[in-house]
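J.: If you scroll down you'll find the structure; I have some questions about it.
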Amino acid sequence: MKPDLFEAPDYYLIDELLTEEHKLVRDAARSWVKREISPIIEDYAQRAEFPNQIIKGLAEIGAFGPYIPEEYGGAGLDQISYGLIMQEIERGDSGVRSTSSVQSSLVMYPIWKYGNEEQRKKYLPKLASGEFMGCFGLTEPDHGSNPGGMTTHFKDKGDHYVLNGAKLWISNAPFADIAVVWAKNEDGRIHGLIVERGMEGFSTPETHHKWSLRASATGELIFDNVKVPKENLLPNKSGLGAPLGCLDSARYGIAWGAIGAAMDCYDTALRYAKERTQFDKPIAATQLQQKKLAEMITEITKAQLLAWRLGVLRNEGKATSAQISMAKRNNVDMAIRIAREARQVLGGMGITGEYSIMRHMMNLESVITYEGTHDIHLLITGLDITGHSAFK
């Protein structure tokens with residue numbers, strides 16, 4: 001494995017918009033990625049295996065629930081700090097960032113926001129420390145972009161609920177200790193339930209043969225007459241807006257994370273172009289390669305400004321779901337295009353595991369689809385600016 005020589009691009013001096021705490025948090029995450037992720041990630045991706053030993057380190061850098069209050073084990077950081085952590089982790093690998101953002105935004109967030117005090121105290125400290133790992137059950141085999149059509153359901157049996165159904169494409173499922181599962185009650189109302197590993201009838205088969213997010217554990221959630229205690233129902237919000245609120249937080253983290261993947265591809269391509277000589281000069285001296293590199297840094301800079309402004313709005317409680325959708329869609333699209341251009345700069349070397357670009361490119365094919373597809377986010381923006389829904 002080559003040494004990690006990554007240098008983050010900051011063409012518009014965006015560091016000057018960050019506080020000292022922001023930079024300390026980011027630099028700690030960056031150092032950890034260089035030390036713990038970069039040396040191992042290509043091997044784990046090739047083997048399609050999640051590196052379980054990194055869980056403790058993720059917890060130590062505050063990657064699990066960074067904005068969760070300290071009284072529940074979180075770091076009590078702001079939204080820009082959360083974004084910066086996701087940026088640095090995804091610079092290492094999108095699959096590792098998926099593990100972190102699922103734990104933070106899709107498991108800890110709903111327990112914090114929609115749970116009661118007993119649930120917060122029971123689960124959040126253990127999730128923050130990595131003692132417990134969680135997953136989020138929304139997508140179903142027949143309901144992806146239309147989660148409201150879910151068929152997973154539960155019935156009231158007096159002193160408990162009985163849950164039946166299945167969820168698909170669930171990050172962290174194979175090793176999760178708990179799952180925040182979204183299901184319909186007998187009236188068709190969507191509620192969140194905390195399902196714990198070991199409950200009879202609950203299984204989490206792993207999904208194999210992926211060409212993307214290979215260093216991330218993905219699986220199914222299967223519920224066969226699972227008895228769920230009534231105290232495991234999240235009481236403070238129901239309806240489709242509840243899981244969508246979690247997705248807002250996760251999509252926001254992705255908008256930052258994708259920048260990390262793009263920065264890594266750009267930095268790799270720039271370094272290679274300066275070193276690779278053809279026709280008696282470095283390829284960085286040719287017009288076509290300069291065009292590629294100049295366009296990359298321009299798009300990264302635009303994405304950085306978009307994410308930073310969205311972070312300010314999130315801190316102020318002003319960010320809308322549609323604004324988050326725009327940033328997720330734009331920044332992931334930007335990253336996947338940069339990965340493809342960076343691969344071309346490296347020529348044949350770009351497809352090898354000696355460099356990170358092809359791994360990023362494959363990972364981003366998942367990121368551009370999950371938590372709202374590229375096209376669905378376009379329609380969210382369309383609805384917001386026209387007032388007309390094109391979903392049906």
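J.: Mind checking Rg over Rh on region 344-392, alpha carbons, Kirkwood formula for Rh?
T.: Values: Rg = 16.8 Å, Rh = 13.2 Å.
That ratio equals 1.28.
J.: At q = 0.13, 0.18, 0.22 Å⁻¹, what base-10 log of I(q)/I(0) does the Debye formula yield for region 36-174 when every alpha carbon is treated as an equal point scatterer in vacuo?
T.: -0.65, -1.09, -1.32
J.: Order the following by accessible area, largest value first: ARG30, ARG97. Probe radius 1.4 Å; ligands, DNA and RNA are ignored.
T.: Result of the area sort, largest leading: ARG30, ARG97.
J.: What list of ³J(HN,Hα) values in whole Hz, one per residue of region 184-196 in order, does the Karplus curve 6.51 cos²θ - 1.76 cosθ + 1.60 (θ = phi - 60°) give from phi, with Gly and Pro shown as x?
T.: Whole-Hz 3J(HN,Hα) from phi for region 184-196: 9, 7, 5, 8, x, 8, 7, 10, x, 10, 8, 9, 9.
J.: Can I ask one more? Highest GNM mean-square fluctuation, the chain, Cα pairs closer than 10 Å: which of CYS246, CYS135, CYS265?
T.: CYS246
J.: In a Debye calculation with equal point scatterers on the alpha-carbon sites of the chain and no solvent, what is log10 I(q)/I(0) at q = 0.08, 0.09, 0.10, 0.14 Å⁻¹?
T.: Each listed q maps to, in turn, -0.40, -0.51, -0.63, -1.20.
J.: So for the chain, taking the charge dipole from beta-carbon charges (+1 Lys/Arg, -1 Asp/Glu), which of ILE283, VAL33, ASN164 sits furthest toward the positive end?
T.: Towards the positive end, the residue furthest out is ILE283.
J.: Let me know the number of lysine pairs in region 228-295 closer than 24 Å at the Cα, not counting same-chain pairs under 8 apart.
T.: Lysine pairs satisfying the spacing and distance rule in region 228-295 number 4.
J.: Please give the charge dipole size of the chain, origin at the Cα centre, charges +1 on K and R Cβ atoms and -1 on D and E Cβ atoms. Round to the nearest 20 debye.
T.: 560
J.: Heavy-atom accessible area of PHE175 with all protein chains present, probe 1.4 Å, nearest 10 Å²?
T.: 50
J.: Based on the inverse mean of 1/r over its pairs of different Cα atoms, what is the Kirkwood hydrodynamic radius of region 244-373, in Å?
T.: Computed over Cα pairs of region 244-373, the Kirkwood hydrodynamic radius comes out at 15.3 Å.
J.: How many percent of all Cα-Cα pairs in region 140-299 sit more than 29 Å apart? Before the final figure, lay out the partial values.
T.: Values: 5081 of 12720 pairs.
Within region 140-299, distances greater than 29 Å cover 40 percent of Cα pairs.
J.: Can you give the convex hull volume of the alpha carbon atoms of region 175-230 per residue, in Å³?
T.: Looking at region 175-230, the number lands at 105 Å³ per residue.
J.: Taking only protein heavy atoms and a 1.4 Å probe, what accessible area per residue, in Å², does the chain have with all protein chains in place?
T.: 43
J.: Cross-link candidates for LYS184: which aspartates and glutamates have Cα within less than 17 Å, leaving aside residues fewer than 8 places away along the same chain?
T.: Cross-link targets: GLU140, ASP142, ASP156, ASP224, GLU231.
J.: Sticking with this one: How would region 303-392 be classified by its alpha-carbon gyration tensor: rounded, prolate or oblate, with rounded meaning a/c under 1.5 and the a/b versus b/c comparison settling the rest?
T.: prolate
J.: May I pose another question? Would you give the gap between the C-alpha center of region 1-45 and the C-alpha center of region 131-172, rounded to a whole Å?
T.: 35
J.: Okay, next question. With all protein chains present, calculate the accessible area of ASP43 using a 1.4 Å probe and round the result to the nearest 10 Å².
T.: 80
J.: Please give every one of the lysines within straight-line cross-link reach of LYS328, meaning a C-alpha to C-alpha distance under 19 Å, and leave out same-chain neighbours fewer than 8 residues apart.
T.: Within reach: LYS302, LYS318.
The values are calculated or read from the model by the stated rules, or taken from the named source; none is laboratory data. Quick caveat: nothing in here was measured; it's all calculated off a predicted structure. Neighbour counts run over all protein chains shown; Cβ positions are idealised from the backbone, glycine included. Calculation scope for accessible area: heavy atoms of the full protein, side chains included, ligands and nucleic acids excluded. Shrake-Rupley method; radii C 1.70, N 1.55, O 1.52, S 1.80 Å.
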